[in-house]
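See structure below.
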Amino acid sequence: MEMTDQVNELLDSSKLIDPFSRHITYLRLSVTDRCDLRCTYCMPEKMKFLNKKEVLTFEEMYRLCSGFINLGIKKIRITGGEPLVRKGIMDFFEMLKPHLSQDLEELTLTTNGTQLHRYANQLYENGVRRVNISLDTLDPMKFKQITRLGKLHDVLLGIDAAKDANLKIKINCVALKNINDDEIDRFINWCVTKDFDLTFIETMPMGDIGNENRLNHFLSLNELKKNISSKFELEDTSFSTGGPAKYSKIKGSEIKLGFITPLSHNFCSSCNRIRVDATGVLHQCLGQNNSLDFRQILRSPEYTEKDLIENIKKSIKQKPERHSFSYDFSRDHIEGKIERHMSLTGG
Ligand code: SAM
Ligand code: SF4
């Protein structure tokens, strides 16, 4: 049989269904581990980044994405580190754009927003329609405290540019006890006024963060939701992206309010996603160490498309049932901590 026939047969034989009957349709790809901020819950102040040669080239990432799309991936989210600090990043969006008019339904981005004022229009031109922007506070001093290096003004400028470019915006906010829990009402009202969806995230025990202790600022979203419900009328919705967020609506507004509660609520049974980090390692679960190294496959002198497709299928067969991290407050202890940083896999 010719190689192309073998590849076609492999593509036809099955889509990406894991051993727990979950249909995998969503790829999150981290294009860099580098970032222009140093958020205290994400990384230490003196973060050590990868060497350039360890990071996949755009050509390698494109081959990998195409393989996934051919096997039924419908949505790709570009993330990082901060994806918009990678040099030439718009070239990569441009490479993926043609898939949008064929077999890819959505191309999205998660960003800290600092560079959005430069790129919002180009993102739209390249087929992006929705962006997730991470913002934990509307207070300039607290913003500096949380991000160590950032200026709130730059992010607000980026958000305005994204809105002007007609990108639909969702704000991601990490809930931090004694840091931003006193401004949650203001935050919600701001999102309602601006028509931004808003998702709260619990801190997850991923990677060393130097002298900081995540437990000190861990805020249970069950607690937060109770607090919000006492001030806003919330209606539960059945809306789902197949991911960890549970969504509510605030009565009288159109915005969706999401709660990502990996530690206080288990979301694994409906997980439809896999992640590839900037080095080409595929992580089957954010909260486990199972992985498969695609860089080795992509850079092999014997590389074939058939090999790539077979390994993508193999990686899905190894997806674990659930993550295993949790906080044990009674012992001031984090169970199942993952050594890699969220900035490597992109959240
Ligand atoms: N730099 C971009 C940003 O901040 O949006 C993309 C990458 S960042 C790792 C993706 C998301 O992960 C952000 O919303 C960030 O707040 C969140 N995040 C980072 N470290 C986290 C942690 N340890 N626990 C929970 N969320 C985390
Ligand atoms: Fe950078 Fe995003 Fe991590 Fe903040 S959360 S340090 S913006 S990668």
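The values are calculated or read from the model by the stated rules, or taken from the named source; none is laboratory data. Small disclaimer: the values here were computed from a predicted structure and weren't measured. Backbone-built Cβ (ideal geometry, glycine too); neighbour counts: all protein chains shown. Surface areas here come from the heavy atoms of the whole protein model, side chains and all, with no ligands, DNA or RNA. Shrake-Rupley method; radii C 1.70, N 1.55, O 1.52, S 1.80 Å.
Evaluating Ile17 against the criteria (1) modelled with pLDDT of 80 or more; (2) out of contact with any helix residue (DSSP H, G or I) (no Cβ under 8 Å at 6 or more places or on another chain) leaves one unmet condition, (2).
Of the residues making up the range 99-109, those that are out of contact with any helix residue (DSSP H, G or I) (no Cβ under 9 Å at 6 or more places or on another chain), open to solvent by 30 Å² or more (accessible area, probe 1.4 Å) and either outside any helix (DSSP H, G or I) or of a type in the set (Phe, Trp, Tyr) (or both) are Ser101, Glu105. For the range 247-287, the tally of residues that are in a loop (DSSP other than H, G, I, E, B) and either at pLDDT 90 or above or over 30 Å from Arg63 (Cα atoms) (or both) stands at 16. On the given criteria, is Val131 open to solvent by less than 10 Å² (accessible area, probe 1.4 Å) and without any contact (Cβ under 8 Å) to a residue 40 or more places away in the chain? It is true that Val131 is open to solvent by less than 10 Å² (accessible area, probe 1.4 Å) and without any contact (Cβ under 8 Å) to a residue 40 or more places away in the chain.
In the set (1) part of a loop (DSSP other than H, G, I, E, B); (2) over 19 Å from the mean Cα position of the chain (by Cα); (3) under 14 Å from Leu37 (Cα atoms), Leu138 fails one condition alone, (3). Residue check: Asn227 meets all listed conditions (1) within 30 Å of Phe68 (Cα to Cα); (2) part of a helix (DSSP H, G or I) but one, namely (1). Quick one: how many residues across the range 124-138 are within 14 Å of ligand 1 (Cβ to nearest atom) and in contact with a helix residue (DSSP H, G or I) (Cβ under 8 Å, 6 or more places away or on another chain)? So the answer is 5. Among the criteria (1) of a type outside the set (S, T, N, Q); (2) surrounded by 15 or more Cβ atoms within 10 Å (Cβ to Cβ); (3) within 28 Å of Val128 (Cβ to Cβ); (4) more than 18 Å from the chain's Cα centre (by Cα), the one Tyr247 does not fulfil is (4). Could you tell me which numbered condition Ser101 fails, if it satisfies all but one of (1) among the polar types (S, T, N, Q); (2) within 18 Å of the chain's Cα centre (by Cα); (3) farther than 19 Å from Val276 by Cα; (4) away from ligand 2 (no atom under 15 Å from the Cβ)? Of (1) among the polar types (S, T, N, Q); (2) within 18 Å of the chain's Cα centre (by Cα); (3) farther than 19 Å from Val276 by Cα; (4) away from ligand 2 (no atom under 15 Å from the Cβ), only one is false for Ser101: (2).
Count of the range 161-188 residues, restricted to those that are surrounded by 15 or more Cβ atoms within 10 Å (Cβ to Cβ) and part of a helix (DSSP H, G or I), is 7. Within the range 110-126, which residues are open to solvent by less than 30 Å² (accessible area, probe 1.4 Å), farther than 10 Å from Val155 by Cβ and part of a helix (DSSP H, G or I)? Within the range 110-126, Ala120, Leu123 meet the criteria.
Of everything listed in (1) within 13 Å of ligand 1 (Cβ to nearest atom); (2) modelled with pLDDT of 95 or more, the single unmet condition for Met95 is (1). Restricting the range 138-153 to residues that are touching a Ser or Thr at 6+ places or on another chain (Cβ under 9 Å) and closer than 16 Å to Ile184 by Cβ, the residue that is surrounded by the fewest Cβ atoms within 10 Å (Cβ to Cβ) is Phe143. Pairs are defined by a Cβ separation below 8 Å, a sequence spacing of at least 6 or placement on different chains, a first member in the range 209-227 that is open to solvent by 50 Å² or more (accessible area, probe 1.4 Å) and of a type outside the set (Asp, Glu), and a second member that is part of a loop (DSSP other than H, G, I, E, B) and at pLDDT below 85; the pairs so defined are Asn222/Thr261; Asn222/Ser264; Asn222/His265.
Identify the residue in the range 139-166 that is out of contact with any helix residue (DSSP H, G or I) (no Cβ under 6 Å at 6 or more places or on another chain) and of a type in the set (A, V, I, L, M, F, W, C) and, among all such residues, is farthest from Phe92 (Cα to Cα). In this case the residue turns out to be Met141. I'm trying to understand the selection: among the residues of the range 41-65, which are open to solvent by less than 20 Å² (accessible area, probe 1.4 Å) and within 16 Å of Glu94 (Cα to Cα)? If the condition is that a residue be open to solvent by less than 20 Å² (accessible area, probe 1.4 Å) and within 16 Å of Glu94 (Cα to Cα), then Glu60, Met61, Leu64, Cys65 are the ones that fit.
Listed by first and then second residue, the pairs linking a residue in the range 171-188 that is under 13 Å from Glu202 (Cα atoms) and away from ligand 2 (no atom under 16 Å from the Cβ) to a residue that is modelled with pLDDT under 95 and open to solvent by 20 Å² or more (accessible area, probe 1.4 Å), with Cβ atoms under 6 Å apart and 6 or more places separating them unless they lie on different chains, are Lys177/His217. Does the range 288-300 contain at least one residue that is among the basic types (Lys, Arg), open to solvent by less than 30 Å² (accessible area, probe 1.4 Å) and modelled with pLDDT of 90 or more? There is no residue in the range 288-300 that is among the basic types (Lys, Arg), open to solvent by less than 30 Å² (accessible area, probe 1.4 Å) and modelled with pLDDT of 90 or more.
For residues that are in a loop (DSSP other than H, G, I, E, B) and away from ligand 2 (no atom under 16 Å from the Cβ), scanning just the range 74-98, find the one that is most open to solvent (accessible area, probe 1.4 Å). Across the range 74-98, the extreme among qualifying residues is Lys87.
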